[in-house]
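I have placed the structure first, in the form of structure tokens, so that the comments after it can refer back to it.
The values are calculated or read from the model by the stated rules, or taken from the named source; none is laboratory data. These figures come from a predicted structure and were not determined experimentally. Positions of Cβ are generated from backbone atoms using ideal geometry, with glycine treated the same way; all protein chains shown enter the neighbour counts. The protein model used for the area step is the full one, side chains on, heavy atoms only, and it has no ligands, DNA or RNA in it. Shrake-Rupley method; radii C 1.70, N 1.55, O 1.52, S 1.80 Å.
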Amino acid sequence: MATALKKVEAQAVETALPVNETAAIFSLIERVCADKTTSVERAEQLFQLYQKVQADQARKDFTAALVAAQAEMEPVRKDASNPQTRSKYATFEALDSAARPVYSKHGFAPTYRTEASDKPDHVRIILTLMHSSGHERDYPIDMPADGKGAKGGDVMTK
């Protein structure tokens with residue numbers, strides 16, 4: 001049994017295992033833990049191994065889905081004009097209607113939060129991109145919050 005366990009551990013660390021092999025690892029952990037001679041430390045190590053394998057697979061699923069979603073996305077049509085800057089831009093509605101069907105189809109869900117920024121007169125906005133596999137990634141950006149418009153004039157309160 002110890003030899004089989006070492007083989008499974010080595011294989012799990014080296015490769016991302018398909019779902020059926022991950023289930024086999026979990027089943028093996030259950031059997032080892034059922035043995036009264038197994039120490040709590042050994043059981044914790046085995047469970048950490050299981051979690052590592054699961055997290056690695058979720059990260060790989062996230063990456064594959066992100067690549068597929070990005071390949072499917074097309075440029076968003078600029079559907080509005082800014083008379084002050086004499087430029088065209090895509091409205092939120094245009095962005096949302098172009099992006100949401102694609103990222104949803106590939107198992108993604110974005111959430112946003114704000115934090116204090118290290119930069120004066122800025123706010124940090126953090127997008128957390130979650131995937132149905134359980135993996136998520138944060139994308140932070142510090143945005144000016146000085147109340148100034150594109151030409152430096154006051155356009156809003158801080």
query: Normalized C-alpha radius of gyration of segment 28-94, against 2.2 N^0.38 Å?
result: 2.32
Where segment 56-153 is the region considered: accessible area per residue in Å², 1.4 Å probe: 69
- request: With all protein chains present, calculate the accessible area of Ser39 using a 1.4 Å probe and round the result to the nearest 10 Å².
  value: 50
- prompt: Under unit Cβ charges (Lys, Arg +1; Asp, Glu -1), what dipole magnitude, rounded to 20 debye, does segment 63-129 have relative to its Cα centre?
  reply: 140
- line: Taking Arg124, Arg31, Arg42 and ranking on accessible area (1.4 Å, protein atoms only), highest first, one gets Arg31, Arg42, Arg124
- prompt: What percentage of the solvent-accessible surface of segment 57-150, computed with a 1.4 Å probe over protein heavy atoms, is contributed by carbon and sulfur atoms?
  reply: 56
message: How much of the pair distance distribution for segment 36-158 lies past 23 Å, counting alpha-carbon pairs only, in percent?
response: 57
